[in-house]
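**Student:** One structure, as structure tokens, below. Some questions next.
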Amino acid sequence: MNAPVKIETSLKDWETDQEVRWCPGCGDYAILKAVQRTLPQIGADPANTVFISGIGCSSRFPYYMETYGFHTIHGRAPAVATGVKLANPDLDIWLVTGDGDGLSIGGNHMMHVLRRNVDMQIMLFNNEIYGLTKGQASPTSREGTRSPSSPLGSVDHPANPCAFALGSGARFVARGFDVSKKLPEVLIAAHAHKGAAFIEIFQNCIVYNKDVFDDFAAPKGAEERQLWLENGEPMLFGSEKTGGVRGLALDPAGPGLNVVTVEAGDWQAAGVLVHDVTNRAIAHMLAELPFGPFPMALGVLYDDPRPTFEAAVAEERRRASEGKVASLAKLLAKGQTWTVDGTAPDPI
Amino acid sequence: MASQAAEAAPEKFGQDMSQGSAPDAVTVRFAGDSGDGMQLTGGQFTLSTALAGNDLATFPDFPAEIRAPQGTLFGVSAFQINFGSRRINTAGDAPDVLVAMNPAALKVNLEALKPGGLIIADTGEFTKRNLDKAKYDRNPLEDGSLAKWDLLAFDISELTVEAVKPFGLGRKDALRSKNMWTLGLALWMFDRPREPIHQWLREKFRSKPDIADANIAALDAGHAYGETAELAGPLQQLHIPPVESAPGLYKTVTGAESISLGLVAGAQLAELPMFFGGYPITPASAILHHLSRLKEFGVTTFQAEDEIAAICAAIGASYAGQLGVTSSSGPGIALKTEAMGLAIMTELPLVIVNSQRGGPSTGLPTKTEQSDLYQAVYGRNGDAPMPVIAARSPSDAFECAIEACRIAVQYMTPVMLLTDGYIANAAEPWKVPDPADFAPFPAKFLEQKNAGDNLLPYARDENGKRPWIKPGTPGLMHRIGGIEKAQGTGHIDYSPANHQAMTDARAAKISGVAVPDQDVALGSTSGKLAVVGWGSTYGPIHQAVGRARRRGMDVSHIHVRHIWPLPANLGELLRAYDNVLVPEMNTGQFKTVLRDQYLVDARPLTKTSGQPFSIAELEEAIGTYFDGIAGNEGGEVPVNDTQLPSPEAMNP
Ligand code: SF4
């Protein structure tokens, strides 16, 4: 959202000559295409765009984008990106990370880039597994995940990326998944948000965690299990053809959400909530909805900008410099000084 | 007031003055409880000493705890200053004067005091309770155990309370001015004007004029007390004449200040904005504090969430076209190691300042050591060469910081600048440099494709340096990263021949960094013994070699600034001496580098007590190489047993 001038490009302009090295069928391909499709739509300028990544399958992303790219080290992309943005706030930064990179080894940096609110789009590819290191359980793996490092099934409880982001103070939190047609819309909304925009993208690792998201992402019965949020629209899912139209309503018994059935299209009567992207409390509930009894909340969960870190830093520097002449000679001679002249030493 | 004559001590403090000749250097140590304001007292005494035109060196020695329990042995905070009418290179071995504000301060510092030296003690603090805390069975001021020294013991606490009475402060607040009372006495002892300290107090307590007045009254009372005491006998006023100095403007700097100023100067000479990423750590935080007040110089300071983020953000800023700088101390440097590899691989400029402290692990946060040399030169995964520069003193650190910036920008590489806790905290007079005396080294950015229609981000110039390309430059989009790069294009390339070629290219670039030839700091370019030092051991080595030479020994001092790559002539130079002795505040790290690089029989002299070398212990080590010299028959320079205790031994 930083490029002041919109540039005309096509999808081809964003492709590099590098051979893409993900496993055939990996969800990363779909995300790459979605991003390459989105950037022309928003008029982004390749010369002004920087993709910054950490380590992992997802973090190879920058090599396939005909933009500036920095493939950094494991978990540290948010810190590198913070330095890039502070040094040149005009750059349009996309951060690419995964569940291991962004929430395990780099969890600390993720928390701080979100709470500082450094303007960038953060795409966290969540495949609930370590792919590049051959399939160990990750911090988002579900309990009981069998992997080379957890042959009896993992015993640790997974982190919820969107809840983590909200807890860290993120002002934009969204969800999508690799093959979803709506992913570009989510990316466009993230780009339009000034500040750190966190997007969890469920990504199918067909080698080590195949189809783990099929329970909600499979096309068959998707309406039943996906709640696509639209600002200003009622939170509805399902259809007359399947189990009927349903919606989310506030639980009369106390803070929380309920699934209610909508009769004859009258969602108001059923008390279905209208999605307000600036409602932080509801955003927390949507992020934490237990899948199964509830559908998977997708789309923009929360979007309520506040001033960015780089703007605050620039403003602080402007104020600190106001009316001051940056003379190095004067700076060096500052403080209590004395002069020695000629050969005869003179103690003031 | 109690005064004890010491039969054993032939020379008394101030005695030569009464005989009409002032000593050319004096060492004073102020010691008290952490809460007594000894660092402040020392700092102001340093200022008055500098203003009097003496050369000086200081050594602040304080506990790691912010407010250690009062009166305890480990809560003692001390500030030593050595000043004189000649060149001063060290903070002095053994103090001539010890100011002890409580029994613990006396106990911890007494060993160091010269026989015949003067103890000034506050009897008001020598209570049963404080004596117990200091583990004294009897009051040392009264039991004759201090007979070796001159003792001036009186109730400074009470005299201070008396002096500030007109200001209506409570006793607790009144006692806070004790350090100013003591400073007043010290100012009188060395014939110093009070006016600059008055000014400083008024400035410091601008919003609380009554506190300023109380402190000034205490200072004046201490000063007046000196005159009375002189009338009474034992205390002598000393005037140390100013040192001969090159003409110019002077001020005192600590290493932390001069490094900060040098970094600002370096960024200006490179014509770049500076980005400083830091994380709080002792003793490196002072650099972050200084730079965060210099925003008008195009400095962005970023207090990161951890050491790793601090260096990574600096790397990001360098990538985006600024001069990235980060700073820490040993444990923090360890955390930054992986990111240094990234800067080496992506060939981006970066300056890393390491204010070394005692290690390993948390080690001795407030004490000095030089034990991160291996870490600096060798301490990364993979073959990861990186230039290393070591500052030898607070004022030298200014030039070293500029040099680090120059190499970083001219060779597109991270550079480590080594300093240590001693340099960071110690102050010395500094001839204010003229920025125009430094040759600029403006950074250049690639604006157009560099290979016809192609861009080669890893093409190399005659220095082996790749181009610096700022994101945002039209038409030059490319990808970099920590994964092995193909020569020229920078694409991912794991092929055997490419990794070999890139490893060689990175090594050649660093070994080709233009480094000035090594000079000899004192002595000749060949001879019986070279004492080779680096970093903050400069002062004591220089003094010890100077003294040995005056005794006729054929010994020279070589002090190395460029630790990596080493100066091209260093090997040849070292081979011109029969013996090479390498004193270091570690277990022999630079010695290993010299042996490895030159196959010379460099011998270690090591010390890891958290204290700087004393001149005497170096002199003694030098002496062992000069058996049979006239005046030194029997092999060794006599050991001065009044020196600082030194737990180190010569490692054969
Ligand atoms: S391991 Fe999994 S995530 Fe990685 S490229 Fe293969 S399919 Fe994709």
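The values are calculated or read from the model by the stated rules, or taken from the named source; none is laboratory data. Keep in mind that what you see is a predicted model, and the values were worked out from it rather than measured. Backbone-built Cβ (ideal geometry, glycine too); neighbour counts: all protein chains shown. Only protein heavy atoms, including side chains, enter the accessible area calculation; ligands, DNA and RNA are left aside. Shrake-Rupley method; radii C 1.70, N 1.55, O 1.52, S 1.80 Å.
**Student:** What is the one condition in (1) modelled with pLDDT of 90 or more; (2) over 30 Å from B:Val409 (Cβ atoms); (3) away from every other protein chain (no Cβ under 14 Å) that B:Leu201 does not satisfy?
**Tutor:** For B:Leu201, the exception is condition (3).
**Student:** Consider only pairs whose beta carbons are under 7 Å apart and that are at least six residues apart or on different chains; among these, list those whose first residue lies in the range B:150-172 and is under 15 Å from B:Leu98 (Cβ atoms) and whose second residue is open to solvent by 60 Å² or more (accessible area, probe 1.4 Å) and small (Gly, Ala, Ser).
**Tutor:** B:Leu151/B:Ser3; B:Leu152/B:Ser3
**Student:** Here's a check for you: in the range B:410-419, which residue that is within 15 Å of B:Ala343 (Cα to Cα) and touching a strand residue (DSSP E or B) at 6+ places or on another chain (Cβ under 7 Å) is surrounded by the most Cβ atoms within 10 Å (Cβ to Cβ)?
**Tutor:** Step by step, filter the range B:410-419, then rank; the result is B:Pro414.
**Student:** Condition test on B:Ile389, is it out of contact with any Cys (no Cβ under 6 Å at 6 or more places or on another chain) and either surrounded by 24 or more Cβ atoms within 10 Å (Cβ to Cβ) or of a type outside the set (S, T, N, Q) (or both)?
**Tutor:** When the stated conditions are applied, B:Ile389 does not pass them.
**Student:** Check the range A:326-347 and report whether any residue there is hydrophobic (A, V, I, L, M, F, W, C), open to solvent by 60 Å² or more (accessible area, probe 1.4 Å) and outside the structural domain of A:Ala159 (by TED's automatic domain parsing).
**Tutor:** yes
**Student:** Let me ask something else about it. Quick one: would you say B:Thr254 is in contact (Cβ under 8 Å) with a residue 24 or more places away in the chain, more than 10 Å from chain A (Cβ to nearest Cβ), touching a strand residue (DSSP E or B) at 6+ places or on another chain (Cβ under 6 Å) and under 25 Å from B:Ile66 (Cβ atoms)?
**Tutor:** yes
**Student:** May I pose another question? Would a scan of the range B:310-321 turn up a residue that is open to solvent by 10 Å² or more (accessible area, probe 1.4 Å) and either touching a Gly at 6+ places or on another chain (Cβ under 9 Å) or at pLDDT 95 or above (or both)?
**Tutor:** no
**Student:** Still on this structure, I have one more. Please enumerate the residues belonging to the range A:175-203 that are in contact with a Gly (Cβ under 7 Å, 6 or more places away or on another chain), open to solvent by less than 30 Å² (accessible area, probe 1.4 Å) and in a loop (DSSP other than H, G, I, E, B).
**Tutor:** Residues satisfying the conditions are A:Asp178, A:Gln203.
**Student:** Oh, and also: Show the residue pairs that are 6+ apart or on different chains and have beta-carbon atoms under 8 Å apart, the first residue being within the range A:17-30 and under 13 Å from A:Ser59 (Cα atoms), the second being open to solvent by 60 Å² or more (accessible area, probe 1.4 Å) and within 11 Å of the ligand (Cβ to nearest atom).
**Tutor:** That search, which allows pairs on different chains as well, returns A:Val20/A:Tyr29; A:Trp22/A:Tyr29.
**Student:** Out of curiosity, is A:Phe172 surrounded by 17 or more Cβ atoms within 10 Å (Cβ to Cβ) and either within 16 Å of A:Met296 (Cα to Cα) or modelled with pLDDT under 95 (or both)?
**Tutor:** no
**Student:** In addition: Please pick out the residue among A:Phe202, A:Phe177, A:Phe213, A:Phe172 that is away from the ligand (no atom under 16 Å from the Cβ) and on the phi < 0 side of the Ramachandran plot.
**Tutor:** A:Phe172
**Student:** Okay, moving on. Taking the stated definitions as given, is A:Ala44 small (Gly, Ala, Ser), more than 16 Å from the ligand (Cβ to nearest atom), in the same structural domain as A:Glu200 (by TED's automatic domain parsing) and in contact (Cβ under 8 Å) with a residue 24 or more places away in the chain?
**Tutor:** yes
**Student:** Another question, then. Looking only at the range A:148-160, decide whether some residue is closer than 30 Å to A:Ala314 by Cα and either within 16 Å of the ligand (Cβ to nearest atom) or surrounded by 18 or more Cβ atoms within 10 Å (Cβ to Cβ) (or both).
**Tutor:** For the range A:148-160, residues closer than 30 Å to A:Ala314 by Cα and either within 16 Å of the ligand (Cβ to nearest atom) or surrounded by 18 or more Cβ atoms within 10 Å (Cβ to Cβ) (or both): absent.
**Student:** Continuing with this model, one more query. Scan the helices (runs of 4 or more DSSP H) fully inside the range B:137-212 and keep the ones with 3 or more residues being surrounded by 21 or more Cβ atoms within 10 Å (Cβ to Cβ).
**Tutor:** Ranges flagged: B:156-164, B:178-189.
**Student:** Can you find a residue that is more than 16 Å from the ligand (Cβ to nearest atom), among the hydrophobic types (A, V, I, L, M, F, W, C) and in contact with a His (Cβ under 9 Å, 6 or more places away or on another chain) anywhere in the range A:184-198?
**Tutor:** yes
**Student:** Pairs only if they're at least six apart or on different chains, beta carbon under 9 angstrom, first in the range A:217-242 and over 13 Å from A:Asp276 (Cα atoms), second open to solvent by 90 Å² or more (accessible area, probe 1.4 Å) and assigned to a loop (DSSP other than H, G, I, E, B); list them, first residue then second.
**Tutor:** Going by the 9 Å Cβ cut-off, the qualifying pairs are A:Ala217/A:Val179; A:Pro219/A:Val179; A:Glu223/A:Lys241.
**Student:** Can you spot a residue in the range B:337-360 that is at positive phi, more than 19 Å from the chain's Cα centre (by Cα), away from every other protein chain (no Cβ under 13 Å) and surrounded by fewer than 18 Cβ atoms within 10 Å (Cβ to Cβ)?
**Tutor:** Looking through the range B:337-360, none of the residues is at positive phi, more than 19 Å from the chain's Cα centre (by Cα), away from every other protein chain (no Cβ under 13 Å) and surrounded by fewer than 18 Cβ atoms within 10 Å (Cβ to Cβ).
**Student:** Test A:Thr133 against the criterion of being under 19 Å from A:Ala77 (Cα atoms), part of a loop (DSSP other than H, G, I, E, B), away from every other protein chain (no Cβ under 14 Å) and within 16 Å of the ligand (Cβ to nearest atom), and give yes or no.
**Tutor:** yes
**Student:** Filter the range A:12-41 down to residues that are among the basic types (Lys, Arg) and within 16 Å of the ligand (Cβ to nearest atom) and give me whichever is farthest from the other protein chains (Cβ to nearest Cβ).
**Tutor:** For the range A:12-41, the residue satisfying everything is A:Lys33.
**Student:** Hey, any hits in the range B:295-304 for a residue that's without any contact (Cβ under 8 Å) to a residue 24 or more places away in the chain and among the acidic types (Asp, Glu)?
**Tutor:** Looking through the range B:295-304, at least one residue is without any contact (Cβ under 8 Å) to a residue 24 or more places away in the chain and among the acidic types (Asp, Glu).
**Student:** Looking for something over 30 Å from B:Ala50 (Cβ atoms) and of a type in the set (Lys, Arg) - is there at least one such residue anywhere in the range A:327-345?
**Tutor:** no
**Student:** Considering only residues that are among the aliphatic types (A, V, I, L, M), out of contact with any Cys (no Cβ under 8 Å at 6 or more places or on another chain) and within 16 Å of the ligand (Cβ to nearest atom), which ones fall in the range A:111-130?
**Tutor:** A:Met123, A:Leu124
**Student:** Any chance you could count how many residues in the range A:47-61 are outside any loop (DSSP other than H, G, I, E, B) and either more than 15 Å from the ligand (Cβ to nearest atom) or at positive phi (or both)?
**Tutor:** The number of residues fulfilling the criteria is 6.
**Student:** Based on this model, can you work out whether A:Leu103 counts as open to solvent by 10 Å² or more (accessible area, probe 1.4 Å), within 25 Å of A:His71 (Cβ to Cβ), touching a Phe, Trp or Tyr at 6+ places or on another chain (Cβ under 7 Å) and in contact (Cβ under 8 Å) with a residue 40 or more places away in the chain?
**Tutor:** yes
**Student:** For the range B:361-445, list the strands (runs of 3 or more DSSP E) that sit wholly inside it and hold at least 3 residues that are at pLDDT below 95; which are they?
**Tutor:** B:427-431
**Student:** Here is a follow-up. Would you pick out the residues in the range B:298-309 that are open to solvent by 10 Å² or more (accessible area, probe 1.4 Å) and part of a strand (DSSP E or B)?
**Tutor:** Scanning the range B:298-309 gives B:Thr301, B:Gln303.
**Student:** Out of the range A:48-85, which residues are open to solvent by 10 Å² or more (accessible area, probe 1.4 Å), more than 24 Å from A:Asn204 (Cβ to Cβ) and of a type outside the set (S, T, N, Q)?
**Tutor:** Answer for the range A:48-85, where residues must be open to solvent by 10 Å² or more (accessible area, probe 1.4 Å), more than 24 Å from A:Asn204 (Cβ to Cβ) and of a type outside the set (S, T, N, Q): A:Glu66, A:Ile73, A:Arg76.
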